Structures are given as structure tokens and as C-alpha cells.
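Okay, structure first, notes after.
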Amino acid sequence: MADAKQQQQPQAAVAATGVWKTIKPFVNGGASGMLATCVIQPIDMVKVRIQLGEGSAGQVTKNMLANEGLRSFYKGLSAGLLRQATYTTARLGSFRVLTNKAVEKNEGKPLPLIQKAFIGLTAGAIGACVGSPADLALIRMQADSTLPAAQRRNYKNAFHALYRISADEGVLALWKGAGPTVVRAMALNMGMLASYDQSVELFRDKLGAGEISTVVGASAVSGFFASACSLPFDYVKTQIQKMQPDANGKYPYTGSLDCAMKTFKSGGPFKFYTGFPVYCVRIAPHVMMTWIFLNQIQKFEKKIGI
């Protein structure tokens, strides 16, 4: 009886270790993304308002403080956290799992940039499919106060938004704008994840930088490339997700391609980069903090032996 118990304990420990090893990249990715979002949410709020045509970063910030108060900068935080708990958990977790498997097949050698980019595209698509409903709720909550009082949805929190969207528009409406969301996520993650791993190798192996310098430097590089690759898709996605029908029930755009074509005709290619400085300032620090938080979480796990 005692021998049986002793045999079961090591088996249970091995099983627990196996489960944790499998879910660890996903848990760590989601946790680091949520921590970063708590810091970046005000900048993200300003970015959305700029894309909705409320003026420059300075004007938007001044008007929000004067008319809505400091709390308005954190409107939609619950949706932002839910988005990170779904989207970032899936994308960072899947990216690390896919990268590890690719490195194993490559006999432990560093992967070429093109392969990292392809893995980043795949991870971005997976994350976006999972996180699209939370992303839709976030955009709508952030844009709500810009609408006339009669058109405001007045969602209480992210879960209330998801419930209302499902009840009023159908479950499939939760994936409204999912097409541009997925494409945007693929572009962002191709720039962010591939350039980060490549920059880590550059800073650490070729330049001999220390741990913190490597993480900060690589994060800054990946933040810039993520911004440059994804903003045009982010702009289209925002326009699609926040649009409402006119008095005749007609929407301003029939889809992402129609939105892109009309935007190009009305404002040219640079219209897609509306708010780029703020977007870059928002993306780069979030990327940096996500990687720094992830690095610290992993160090803590090593310290306690998990």
C-alpha cells in the first residue's frame, strides 16, 4: 500500500510538470501582456481618439482631461485586459511553442529571419482569431464617448459588451472586423516577434550587451517594426469596427477592401498612417514592457524552480 502511494506521487509530479511545461509559454505571455496594458492603456485611448478624428495627441489629451476627467483614459481597461488574456496569451504562447519546435528540427541552431517571420505571421493569426471579440469590445468602449448621446452603447464593462453584442447582433457579430484584425495581427507579429528574436541575437551574441540592455534594445527595435507593419491595417480595422449605419441603414463601408480603397482615394497612402507617432509610442513601450515583464516572470520561475 505504501509502495503504491510512493509510486503514484512521482507519476503525479511528472504529469504536473508536463502540463505546466505545455501551458507555461501561454500563461507567461498573457500575464506579461496584461501587466503592460495596465501601464499603456491611456496612450492607447489617445491613439484611438486620434484615429477617430478628434485632433492631435495634445488636443485629445487636453479635451479628455477637461471634459471627461482622468478616469476616461482608462475607459475600456477591462476589455483591454481581456484582450491580452486571450490574444497575447495565444500569440506569444504559440510563437514560443512553434519556435521551440522549429529550433529542435534545426538541430538547435538559430532560425533564419524568414522562418521567424513566418512563425510570427502564424502566431499573430492564431492570437487574433482568439482575441477578436475582446478587441471589438475594446474599440467600441473607447469610441463610445465620441458618439452622439442617442447612439452611445453605454457598455458597463467588457463582459457586458460581449453579452450585448451577442444578444443584439448575433454571436457571429463578435468577429465583426475579424478579417482586418487577423491581417493586422499577422503584420504586427511578423514585425514584432521576428525582429525581437533577431535583435536579441544581435545585441547579445554580436554586440555582447548585458541582459537588460539586450531586452530593452531588442524590444525597441521590435516595437518600431511592429508599428510600421501594422498601422495601416489597424486604421482600417478601427474604421470597420466603430462604423454605424446611417438613417437609411447603410454602412459607410461594405468591407475592409472598400474601406481601404475609399481611404486611399480621399487621403492618399499617408492617411493610413494617421497618428503614427502616438501609435509608435503606444506600441513600442507596450512591446518593451511585455518583454521586460516576461523576462522577469521567467527569472522568478527559474528562481523558485518551476
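The values are calculated or read from the model by the stated rules, or taken from the named source; none is laboratory data. Because the structure is a prediction, the values reported are computed rather than measured. Heads up, the Cβs are rebuilt from the backbone with ideal geometry, glycines too, and the neighbour counts pull from every protein chain shown. Keep in mind that these areas ignore ligands, DNA and RNA; they rest on the heavy atoms of the full protein, side chains included. Shrake-Rupley method; radii C 1.70, N 1.55, O 1.52, S 1.80 Å.
Here are some notes:
- Against the criterion of solvent-accessible heavy-atom surface with a 1.4 angstrom probe, CYS259, CYS280, CYS129 sort, most first, into CYS129, CYS280, CYS259.
- Residues whose amide H lies under 5 Å from that of LEU147, counting only those 5 or more places away or on a different chain, are absent; hydrogens are built 1.01 Å from N in the peptide plane.
- Whole-percent carbon and sulfur share, accessible surface of the chain, 1.4 Å: 65
- Inter-label distance for LYS250 and LEU70, nm, one decimal - labels placed 7 Å from Cα along Cα-to-Cβ: 4.7
- Contour excess over end-to-end distance, with Cα ends at ASN100 and MET261 and 0.36 nm allotted per residue: 54.0 nm
- In this structure, ALA150 and GLU54 have a Cβ-Cβ separation that, at R0 = 22 Å, corresponds to a calculated FRET efficiency of about 0.70.
- Contact order normalised by residue count of the chain, Cα under 8 Å, 6+ apart, percent: 22
- Between LEU121, LEU147, LEU188, the GNM of the chain built on Cα springs shorter than 10 angstrom shows LEU147 fluctuating the most.
- Shape category assigned to the chain from the gyration tensor of Cα positions, a/c cut at 1.5: prolate
- Candidates GLN241, GLN59, GLN51, ranked by Gaussian network fluctuation over the chain, Cα under 10 Å, top entry: GLN59
- Shape call, the stretch 152-306: gyration tensor on alpha carbons, a/c limit 1.5: oblate
- Calculated from backbone phi, Karplus (6.51, -1.76, 1.60) coupling profile of the stretch 95-112 in Hz, x at Gly/Pro: 4, 5, 5, 5, 5, 4, 5, 5, 5, 4, 5, 8, 6, x, 7, x, 7, x
- Fully extended contour minus Cα-Cα distance, from VAL171 to LYS302, at 0.36 nm per residue: 43.0 nm
- Derived scalar couplings ³J(HN,Hα) [the stretch 128-134; Karplus, 6.51 cos²θ - 1.76 cosθ + 1.60; whole Hz; x for Gly, Pro]: 5, 4, 6, x, 4, x, 5
- Mean accessible surface per residue for the chain, computed with a 1.4 Å probe while every protein chain stays in place, in Å²: 51
- Listed residues SER94, SER195, SER213, most fluctuating in the chain (Gaussian network, C-alpha, under 10 Å): SER213
- Taking the stretch 95-127 and a reference point 7 angstrom along Cα→Cβ of LYS21, the backbone N atoms nearer than 17 Å belong to 96-105, 108.
- Compared with the dominant principal axis of the Cα atoms in the chain, helix 2-51 is inclined by about 30°.
- Protection proxy ranking, peptides 154-163, 78-87, average beta carbon neighbours within 10 Å, highest first: 78-87, 154-163
- Across the stretch 235-246, coupling constants 3J(HN,Hα) worked out from phi with the 6.51/-1.76/1.60 Karplus curve, θ = phi - 60°, read 4, 4, 4, 5, 5, 5, 6, 9, 5, 10, x, 7 Hz, and Gly and Pro carry x.
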